[in-house]
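Heads up, the thing below is written out as C-alpha cells.
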Amino acid sequence: MAEDLSRISLAIPTDLLQGLDELTERRGIQKNRSEVIRDLIRDALVDETVADPDAEVMGTLTIVFNHHANDLQERLDEIQHAHFQEIVATTHVHADAHNCLEVIIMRGKSAQIQEIADRLLGTKGVRHGEFVITSIEETAQHEH
Ligand code: NI
C-alpha cells in the first residue's frame, strides 16, 4: 500500500477484542484486524457524512412489489421520471409470475435522495424495501 500508515496502540476490553477477532475471521482471509478496524472507522465517518442533509451521497433502494396492483408500476415510474437527475439507474427483475424487484440507484444531496426513497417506499402496493446510503468521498480518498 502506497499510503502513509500510522501505528497506534489501543486499550480494549478482552471480550470486545474477542468480538473483533471473530468479526475479522468472518470477513475472511483477505482482511486482518487492522483492516477491519479501518472499515469500522469508515462506517462511522460515512454515517456522519450521510447525516448532513447537504452532503453529496449515493444510495440504492431495493423494492419488492406485485405488478398486478393497480397502476403501481406506472406510479413508481412517474416518481422516478420526476427525479431523473437524481436517479442514475434502475434495474427491474421479474422475480416470479407476480412479483417484481427493483433496485434504484441514486446520487445527490442526502436529504433529497432520502426523500425520493421515502416516496417510493410509501407508494401503496410496495411490499418491502430497504434504502442503503453511502458516501464515496469518505471512503475513497485514501484508497489509490
Ligand atoms: Ni416485473
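No lab work stands behind these numbers, since they all come straight from the coordinates. As the structure is a computational prediction, the values presented were derived from the model and not from experiment. With ideal geometry, Cβ positions are generated from the backbone for all residues, glycine too; neighbour counts draw on all protein chains shown.
See the values below:
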read-out	value
Which of Ala55, Ala111, Val132, positive extreme of dipole for the chain (C-beta unit charges)	Val132
Nearest-20 debye value, segment 55-144 charge dipole, Cβ charges on Lys, Arg, Asp, Glu	220
Histogram of C-alpha separations across segment 28-79, 5 Å bin width, %	4, 14, 13, 12, 11, 13, 12, 9, 8, 4, 0
Dimensions (Å) - segment 39-144, Cα atoms, principal axes, largest first	47, 26, 21
Rounded to 10°, Cα long-axis angle of helix 110-121 versus longest principal axis of the chain	50
Relative contact order (%) - the chain, alpha-carbon pairs under 8 angstrom, separation at least six	33
Computed E for Ala44/Lys109 - FRET, C-beta separation, R0 22 angstrom, nearest 0.05	0.55
Tilt relative to the chain, helix 72-82 - C-alpha long axis, 0 to 90 degrees, to 10	70
Percent of C-alpha pairs per 10 Å bin, segment 83-133, short to long	23, 55, 20, 2
Estimated distance in nm for a label pair at Ala69 and Glu3, the labels positioned 7 Å out from Cα along Cα-to-Cβ	4.1
